[in-house]
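For reference, the structure is listed below as C-alpha cells.
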Amino acid sequence: MRMQKPPSTPNANSCADRLKALADETRLAVVQHLMKGECHVGDIQAALGIEQSLLSHHLRNLREAGIVESARDGKSVLYRLAPGMERRRDGIVDLGCCRISFEPPNRPSRKRD
C-alpha cells in the first residue's frame with residue numbers, strides 16, 4: 001500500500017510560508033516595528049541597528065510571504081504591514097491563519113509555579 005501526502009490547500013501553503021518568513025528574530029522585529037505604522041527603510045534600519053543590505057534581504061522575504069508591502073515615496077521606499085495583516089492595539093497581528101502577539105517591552109515575565 002502506498003501512502004500519499006494529503007493535498008495542500010492554498011491557505012495551508014500561505015500559512016506555512018508566512019510562518020517560515022517569521023521564523024527569524026530580525027523579521028519579527030521588523031513586523032513589530034511596522035505595527036506602529038508605515039515607515040521608511042532608513043527608519044527601520046535605525047530602529048533595529050542593522051545594515052541596509054541585511055534589512056533589504058529580510059524585507060524581501062516578508063514581501064514574498066505577503067506580510068509587508070512597499071511603495072515608492074520619492075527616492076525612498078515606504079513599508080507597511082500588508083492589508084491582510086490585521087494589527088490590533090493589544091500587540092497582536094492576525095496572519096489570517098493564526099495570530100502572533102508581541103509582549104510590550106520591559107514587561108516582567110510571569111513566573112509559573
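The values are calculated or read from the model by the stated rules, or taken from the named source; none is laboratory data. In this text, all values refer to a predicted model and were calculated from it rather than measured experimentally. Neighbour counts run over all protein chains shown; Cβ positions are idealised from the backbone, glycine included.
Against the condition closer than 16 Å to Ala82 by Cβ and at pLDDT 80 or above, how does Gly42 come out, does it pass?
Taking the combined requirement at face value, the residue does not satisfy it.
Filter segment 30-78 for residues that are over 18 Å from Leu95 (Cα atoms) and among the polar types (S, T, N, Q); which is surrounded by the fewest Cβ atoms within 10 Å (Cβ to Cβ)?
Only one residue tops the list, namely Ser53.
Name the residues in segment 51-94 that are touching a helix residue (DSSP H, G or I) at 6+ places or on another chain (Cβ under 6 Å), among the small types (Gly, Ala, Ser) and part of a strand (DSSP E or B), would you?
none
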